[in-house]
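Peer 1: One structure follows; several queries about it will come next.
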Amino acid sequence: MKVGRVIGNVVSTINHEFFDGERLLLCKLLDRGEDTSAYLICTDRVGAGADEMVLILDEGNSARQIYGISTGPIRSVVVGIVDAVDEV
Amino acid sequence: MKVGRVIGNVVSTINHEFFDGERLLLCKLLDRGEDTSAYLICTDRVGAGADEMVLILDEGNSARQIYGISTGPIRSVVVGIVDAVDEV
Amino acid sequence: MKVGRVIGNVVSTINHEFFDGERLLLCKLLDRGEDTSAYLICTDRVGAGADEMVLILDEGNSARQIYGISTGPIRSVVVGIVDAVDEV
Amino acid sequence: MKVGRVIGNVVSTINHEFFDGERLLLCKLLDRGEDTSAYLICTDRVGAGADEMVLILDEGNSARQIYGISTGPIRSVVVGIVDAVDEV
Amino acid sequence: MKVGRVIGNVVSTINHEFFDGERLLLCKLLDRGEDTSAYLICTDRVGAGADEMVLILDEGNSARQIYGISTGPIRSVVVGIVDAVDEV
């Protein structure tokens with residue numbers, strides 16, 4: 001999993017029932033709290049808001065299991081809001 | 001998923017029935033509207049035109065589900081035209 | 001597999017029973033003992049502590065087999081403590 | 001998929017029947033006709049020759065379907081000769 | 001597949017029967033004979049020795065088929081010794 005930050009929404013029509021009503025979050029990937037140059041477009045399971053730090057799962061089979069479905073065209077999903085990153 | 005921009009077509013004969021009649025789009029990946037150095041060759045489900053900003057799904061199982069098939073040699077597919085990217 | 005170093009914990013609630021009671025380790029990936037700019041958030045099968053060098057398996061199906069489950073939303077898991085890296 | 005250029009052959013014995021008689025092509029990945037620093041070792045389905053521009057499919061399940069097999073230790077395969085890349 | 005060079009061994013106990021008796025090779029990935037900054041920890045099917053140039057298969061399903069098993073927590077495996085790389 002990766003830690004990201006929600007920096008926007010992507011507005012696009014996808015012609016597959018899975019995406020009906022799904023928001024598409026534009027998430028910048030972070031490295032120790034700092035933005036990197038990488039990003040992912042994710043669906044959202046936790047109601048993440050603008051600028052929130054989130055946990056992103058980026059594997060198709062895992063993403064489908066988060067949704068409790070065995071098929072579905074999905075790979076990247078926001079699975080948690082990050083409350084804290086405690087470095088040691 | 002990733003956001004890309006259609007910058008061309010690739011003309012190539014692939015000896016597998018899946019590709020009969022399929023266009024192969026050359027898509028530059030974008031980061032906040034700017035070209036990156038990465039690209040993908042994608043099939044097209046939405047009739048994307050030159051220079052359009054598109055949403056790309058890059059996972060084999062997901063791509064096959066977009067086509068409604070259980071097998072097929074496909075991984076990267078344009079699944080939507082991006083109408084807007086609203087940054088926060 | 002990759003070699004990493006545990007540099008922290010991520011505190012986040014994930015709404016899926018798999019993660020109940022699982023720690024999420026923030027692991028920096030290493031190259032010959034030196035930190036790289038890449039990291040992974042991993043679950044932990046070995047009780048790895050702060051600053052320990054660990055072996056990370058980063059594939060969904062493999063990760064699920066380490067847990068002895070056939071389904072589960074997991075991809076990156078710490079599978080071993082690295083006792084030594086013997087270069088030749 | 002990716003566009004590459006055949007820059008050589010790799011000579012290696014692999015102890016698995018799938019590779020009996022298979023050539024292993026060393027393919028440089030290209031970005032708009034220019035070499036990048038990335039490469040892949042691919043099997044060949046199209047009889048690609050030295051210096052030819054080729055289309056590379058880099059996913060295990062897709063690669064196996066190109067061969068019409070359900071199992072087989074293969075991930076990267078040259079699936080087409082690129083006749084032209086028409087940029088827009 | 002990738003070409004790598006064996007630069008060491010990783011000593012680590014992994015609590016899964018698959019790894020009983022398996023060596024873990026530290027392999028630097030090469031680009032035209034030169035070391036890159038990337039590496040992989042691989043299991044070994046060919047008895048590769050120190051400093052040998054090897055062929056690495058890096059996909060879970062393929063790796064399992066090289067071992068002739070349908071399950072097993074494995075992704076990166078050394079499948080051949082590279083006898084020669086003939087560039088054109």
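The values are calculated or read from the model by the stated rules, or taken from the named source; none is laboratory data. Since the model is a prediction, treat every value here as computed from it, not as a measurement. Note: ideal-geometry Cβ built from the backbone for every residue, glycine included; neighbour counts use all protein chains shown.
Peer 1: Look through the range A:10-26, keep the residues that are more than 8 Å from chain B (Cβ to nearest Cβ) and touching a strand residue (DSSP E or B) at 6+ places or on another chain (Cβ under 6 Å), and return whichever of them is farthest from A:ASP51 (Cα to Cα).
Peer 2: A:GLU22
Peer 1: Would you point out which residue out of C:ILE74, C:ILE56, C:ILE66 is within 22 Å of A:GLY80 (Cβ to Cβ) and at pLDDT 95 or above?
Peer 2: Going through C:ILE74, C:ILE56, C:ILE66 in turn, the sole match is C:ILE56.
Peer 1: Related question: Does A:ILE7 fit the bill of being surrounded by 18 or more Cβ atoms within 10 Å (Cβ to Cβ), facing another protein chain (nearest Cβ under 8 Å), within 28 Å of D:ASN61 (Cα to Cα) and at pLDDT 95 or above?
Peer 2: For A:ILE7, the condition - surrounded by 18 or more Cβ atoms within 10 Å (Cβ to Cβ), facing another protein chain (nearest Cβ under 8 Å), within 28 Å of D:ASN61 (Cα to Cα) and at pLDDT 95 or above - is not met.
Peer 1: Which residues, taken from the range A:30-41, are within 11 Å of chain B (Cβ to nearest Cβ) and either buried (at least 18 other Cβ atoms within 10 Å of the Cβ) or at pLDDT 95 or above (or both)?
Peer 2: Selection gives A:TYR39, A:LEU40, A:ILE41.
Peer 1: Does at least one position in the range D:60-80 carry a residue that is polar (S, T, N, Q), away from chain B (no Cβ under 11 Å) and in contact with a Cys (Cβ under 8 Å, 6 or more places away or on another chain)?
Peer 2: Looking for residues that are polar (S, T, N, Q), away from chain B (no Cβ under 11 Å) and in contact with a Cys (Cβ under 8 Å, 6 or more places away or on another chain), one finds at least one in the range D:60-80, hence yes.
Peer 1: On the given criteria, is C:ASP44 within 7 Å of another protein chain (Cβ to nearest Cβ), surrounded by fewer than 24 Cβ atoms within 10 Å (Cβ to Cβ) and of a type in the set (Asp, Glu)?
Peer 2: no
Peer 1: Which condition from (1) farther than 20 Å from D:GLY4 by Cβ; (2) surrounded by 23 or more Cβ atoms within 10 Å (Cβ to Cβ) is the one that B:GLY49 breaks?
Peer 2: Every listed condition holds for B:GLY49 apart from (2).
Peer 1: Restricting attention to the range E:56-88, which residues are over 14 Å from C:MET1 (Cα atoms) and not hydrophobic (A, V, I, L, M, F, W, C)?
Peer 2: Restricting attention to the range E:56-88, the residues satisfying the condition of being over 14 Å from C:MET1 (Cα atoms) are E:61-62, E:64-71, E:79-88.
Scanning the range E:56-88 gives E:ASN61, E:SER62, E:ARG64, E:GLN65, E:TYR67, E:GLY68, E:SER70, E:THR71, E:GLY80, E:ASP83, E:ASP86, E:GLU87.
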